[in-house]
Amino acid sequence: MTCSASDSVRVDVVVAGAGVVGLACARALAQRGLQVAVFEREHHFGQGISSRSSEVIHAGLYYPAGSLKAELCVAGARALYDYCAARQLPHQRVGKLVVATEPADLPALERIAAQARANGVHNARLISADTTRSMAPELHCCAALWSPDTGIIDSHALMQALADDAEQAGAMLVYGAPVVSGQCGGRGIEVLVGGTTPYRVEAAWLLNAAGFGAQALASALLGFPAEAVPPLHFAKGHYFSLSGRSPFKHLIYPVPEPGGLGTHLTLDLAGNARFGPDVEWVDAPDYSVPADRAAAFAASIRRYWPGLSAARLQPAYAGVRPKLGGPNAPVYDFRIDGPAEHGVAGVIQLFGIESPGLTASLAIADRVAMKIGA
C-alpha cells in the first residue's frame, strides 16, 4: 500500500496494533467478510506486550464472576485449545497447582476454588498436601488447587497463525506504520498513518488495539471525549530462568499477591522452567532484568520449593502490563468500549488488555465483532 498524505484509502475496519489481540480481531472480522487493514508501529507483529508473557493458557480461576476477564478467559481458553488443535499449533495442557504454603493461605485457596466454580471452571479441585506431593515431590505445601485445564502455548506460532488466517481472508497487514491520529464523525473515521510515507485511511470503524499506545491514540482522536480515556499505569514483571532440569511437570503458583499472581513457575514447551513475574511499578516500559533481583526471587520461590539453589536462577526477560489503576488500586476489568459506552460512532477502544489477554484473544475478537455487528 503506497499512498501520500494527500491520498486516501477506504476500508471497513482499521485495526491499530498487531499484537495477539489485534491479530485475532483482524482475523475474525476479515473472516466475516469485512475489508480490514491492520497498522502496526513495529516492523513485525507481537513486539510489545504479546512477546513478553508467560505463554500460559489460563483456565479462568481468579477473576470476579461476571467480569469480562472471567467470561472471556473461560470462553477464550476453550476456543484457543480448539484453534491449536485445528491449526496444529504447539501447546500442552500441562495443568497448574496453586499451592498454600502455610495454614494462613488456606482461606485464600478456598476462595480461589469457589471463584473458579462461579466462573464455570468445573475441573479445578482442592487436593491434599499428600496428593500434591505425589504430583510434585519437591513442593512444600499444606494443600493445593489443581487446575488440569491450564496449559502453555508457543505465542509466536499463535500470532503467526492468526496473521496468516487474517491475510488469507483478505486483511492487509502493514508494518512500520503507526496510527498517529484520527478524526471521528461524519460518515466514518479518518485516521492518519505515519511511517516512511504517511497517508490517510477512511474507515467505517477504528479498533484501537494499540496496547501501551491505546490511551495516547484515543487522546489523539479529534471528536473523542477526553473523559472516556482512562489513566495508564505500568506494572513491570521480571522473569528468571532455571538452569538445568526442572523437577516439575506442572505449573506451580503460590496464592496471589497484590498486582499479580505471585512469583510462579511456568514451563516452556521443551520443559524448561522460568519464574516470574514479580511486580514493580514503573513510569514507562523498561525491559531490563537486574541480576541482583535473584535473591528476592529465590526467597519467594523457596516458600514452595525449599530445595531451590539461588545459583540456578538466571536473568531471562521482563514484561510490562498496561494497568488501569496503580498500586493498591482495585482490580480493573478489561475495557472493550464501543459507541454504547463512549457515545462516538465507529470507534472501539481496547483498554487494560493485560493477562489473560492472550488466553482470551479469540473471545475478545468475537466480542469486538459483535459490537461492530459483523
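Readers should treat all values here as calculations from the given coordinates under stated rules, not as data from a laboratory. It should be emphasised that the depicted structure is a prediction, and the values quoted were computed from it without experimental measurement. Counting neighbours? That spans all protein chains shown, and the Cβs are built from the backbone with ideal geometry, glycine included.
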Right, Leu265: assigned to a strand (DSSP E or B) and at negative phi or not?
-> yes
Out of all the residues in region 180-195, is one or more farther than 29 Å from Leu324 by Cα and either out of contact with any Pro (no Cβ under 6 Å at 6 or more places or on another chain) or surrounded by fewer than 23 Cβ atoms within 10 Å (Cβ to Cβ) (or both)?
-> yes
Among the residues of region 64-89, how many are in contact with a Pro (Cβ under 8 Å, 6 or more places away or on another chain) and within 12 Å of Gln115 (Cα to Cα)?
-> 1
Members of region 169-191 found to be of a type in the set (A, V, I, L, M, F, W, C), assigned to a strand (DSSP E or B) and under 20 Å from Pro225 (Cβ atoms), listed by number | Val179, Val180, Ile189, Val191
Residue satisfying all of: in region 58-107; loosely packed, with under 14 Cβ neighbours inside 10 Å and of a type in the set (A, V, I, L, M, F, W, C); farthest from the chain's Cα centre (by Cα) among these = Ala104
Taking only pairs six or more apart or across chains, which ones have beta-carbon atoms under 6 Å, a first residue in region 93-117 that is touching a residue at least 60 places away in the same chain (Cβ under 8 Å) and closer than 17 Å to Asp149 by Cα, and a second residue that is of a type outside the set (A, V, I, L, M) and surrounded by fewer than 18 Cβ atoms within 10 Å (Cβ to Cβ)?
-> Gly95/Pro148
